[in-house]
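Below is one structure, written out as structure tokens; comments come after it.
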Amino acid sequence: NEDHLWQSEFFGKWLLGAIASYQYTKDKELYNLITNSVEKLMNTQTSDGYIGNYKREAQLTNWDIWGRKYTSLSLLSYYRLTGDKKALNAVERLINHLMEQLQIHNINIAATGYYLGMASCSILEPVVYLYDITRNPRYLSFAKSIVSSIEREGSSQLITKTLKNIPVSERSAFPKSWWSFENGQKAYEMMSCYEGLIELGTIVNDPFYIRIAEKAVNNIQEDEINIAGSGAAFECWYKGKEKQTLPTYHTMETCVTFTYMQLCHRLLCKTGNSFYAEEFEHTMYNALMATMKNDGSQISKYSPLEGRRQPGEEQCGMHINCCNANGPRGFALIPKTACTIKDNHIYLNLYLPLQATISLNKKNKVHLNVESDYPIHGKVNVNIGVQKKEKFTLALRIPTQIEKMKAYINGEEQEITHKGGYLYIERIWENADKVTLDFTIETKVVKLNNSQAIVRGPLLFARDSRFNDGDIDECATIKCNNQGVIQAIIKKNETGTFPWITLTVPAVLGTDLENVENKTPKLINFCDFSSSGNDWNPNGRYRVWIPQTFHAMSEPYKKY
């Protein structure tokens, strides 16, 4: 009986997260929950093929097609997991029904829903997958028609506007009504459409669509992604990178955070460009990890760079919101990104402690055991096990944030030559071979808009009121050398309590800076951004960007 809300997205999101988690954990209880719930979902399918909660006269409006997208994606994911033809048949019937409805009513799909049709047109992704599985030309024709609809005048024109270098924050005029069809800056839905274009380009072997997505992501990274690896305000692009030092309402929605990670994951797998692995890592350690409450019970809807974290609102008359449903998918994506395989190359993209078994061919398996204290420190050991000697290439990502590195094979230092952000080691590997990486990581100050933030490798840090070491909003001058390097003390907490990482930093606080050059700095505690505010205490507060005290006698301040 629904006619405007979005309850129908929630089950699909939960199921996608559950399946991705099961693929990693192989938890039998989770598998049973998945199979039982999918059976119940498929039992709701009506005789015409519809799965959803919109009343007949309201179908094709508002969030209806968006909900069908998540139902289709989740059932296709279930089909890949189990091979259950009932799930595939359910998706075929669902998409066939949608195609028939659009044709009977002569409706342009990009004229439906919200945000210049981007919400509805994001169903492109499961339509492409359905064609790839069935090779039914009707689905490829439908996919191409969705792209044509996207490119119509008055629609989002994601391809044309990307080619014209129109920034994602300037894709439409400022809307009279924010949550409406006319708002073309909606971040989550826009990126979802680019995901569909990537998959279309892959399946029809046309790199044009992938290049379009790359070009769009470059603009998003340059204009929108902030120091924590996420962006958007009120869920829309707004040239946020340059404005990130401003206290901002409703910023860094978790759905935006996850979708940016997923977009980078897809492009990493398609292109092998380490840039996307680095973006993924940056967002993972900061924006994603910050979404989770310290007891693991909830995902926040927004994770601003200052303030406090809190539960998101309950949506659609349910005890859930879109980000509670989407956030777990981000965590489940980490193991899929950490290690990837392509063309007899094993790519180690994330230096997490991990174990992986990789089948390069039917006759041999490669076991990786990675021991790492990165990014807190810079030591990484990659232990290799093989059933028999095997020639392959181990590609080790070289983070851009490190100052220098050394590499050793079985204790022997190697001459480092690398291409495209990876150190490629091609050799005949033997059992118990060991590669050691030694990165030099420095703690640095980043300055923007007369504010300062602290980073160490991919990690962002924040002040937190739980340290009880002063007013976290007080202005300061963080002491560093001319290259911005801080002599900080770093400590990892092994107890699992607040915080994960403590960084003790010298700073001169406040405006009472008589004889400032000789004043003894105070040691101030910062924690990793993911730990900041993670108890969701309404009386607590954290802050990333610290106002820098104005010093009129200092040369750099002449511009003010």
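The values are calculated or read from the model by the stated rules, or taken from the named source; none is laboratory data. Predicted model only: the values in this text are computed from it and were never measured. Cβ placement follows ideal geometry from the backbone for every residue including glycine, while neighbour counts extend to all protein chains displayed. These accessible areas exclude ligands, DNA and RNA; they are computed on the full protein's heavy atoms, side chains included. Shrake-Rupley method; radii C 1.70, N 1.55, O 1.52, S 1.80 Å.
Side notes on the structure shown:
- Lone qualifier among 165, 219, 205 - being within 30 Å of residue 529 (Cα to Cα), among the polar types (S, T, N, Q) and out of contact with any Phe, Trp or Tyr (no Cβ under 7 Å at 6 or more places or on another chain): 219
- Segment 466-477 residues that are touching a residue at least 24 places away in the same chain (Cβ under 8 Å) and of a type outside the set (Ser, Thr, Tyr), paired with ones that are open to solvent by less than 40 Å² (accessible area, probe 1.4 Å) and part of a loop (DSSP other than H, G, I, E, B) (beta carbon under 7 Å, 6 or more apart): 466/540; 474/510; 475/510; 475/549; 476/549
- Options 520, 549; residue that is modelled with pLDDT under 95 and either open to solvent by 70 Å² or more (accessible area, probe 1.4 Å) or aliphatic (A, V, I, L, M) (or both): 520
- Qualifying residue in segment 63-76 (condition: under 29 Å from the mean Cα position of the chain (by Cα) and open to solvent by 20 Å² or more (accessible area, probe 1.4 Å)): yes
- Residue match in segment 252-262 (condition: out of contact with any helix residue (DSSP H, G or I) (no Cβ under 8 Å at 6 or more places or on another chain) and at pLDDT 95 or above): no
- When segment 244-273 is limited to residues that are within 15 Å of the chain's Cα centre (by Cα) and more than 16 Å from residue 225 (Cβ to Cβ), the one that is least open to solvent (accessible area, probe 1.4 Å) turns out to be 266.
- Residue in segment 36-45 that is touching a Ser or Thr at 6+ places or on another chain (Cβ under 6 Å) and more than 29 Å from residue 336 (Cβ to Cβ) present: no
- Set side by side, the residues 399, 353, 458 differ, and just one is in contact (Cβ under 8 Å) with a residue 12 or more places away in the chain, out of contact with any His (no Cβ under 8 Å at 6 or more places or on another chain) and crowded, with 19+ Cβ neighbours inside 10 Å, which is 399.
- Residue satisfying all of: in segment 140-154; closer than 15 Å to residue 96 by Cα and polar (S, T, N, Q); surrounded by the most Cβ atoms within 10 Å (Cβ to Cβ) among these: 145
- Segment 1-120 holds helices (runs of 4 or more DSSP H) entirely within its bounds, and those carrying 1 or more residues that are without any contact (Cβ under 8 Å) to a residue 60 or more places away in the chain, within 27 Å of residue 181 (Cα to Cα) and not acidic (Asp, Glu) map to 64-82, 85-104.
- Filtered residue count, segment 98-131, keeping only those that are within 14 Å of residue 191 (Cα to Cα) and charged (D, E, K, R): 1
- Residue 437 hydrophobic (A, V, I, L, M, F, W, C), out of contact with any helix residue (DSSP H, G or I) (no Cβ under 8 Å at 6 or more places or on another chain) and open to solvent by less than 80 Å² (accessible area, probe 1.4 Å): yes
- Subset of segment 274-293 that is open to solvent by less than 10 Å² (accessible area, probe 1.4 Å) and hydroxyl-bearing (Ser, Thr, Tyr) - its residue that is farthest from residue 312 (Cα to Cα): 276
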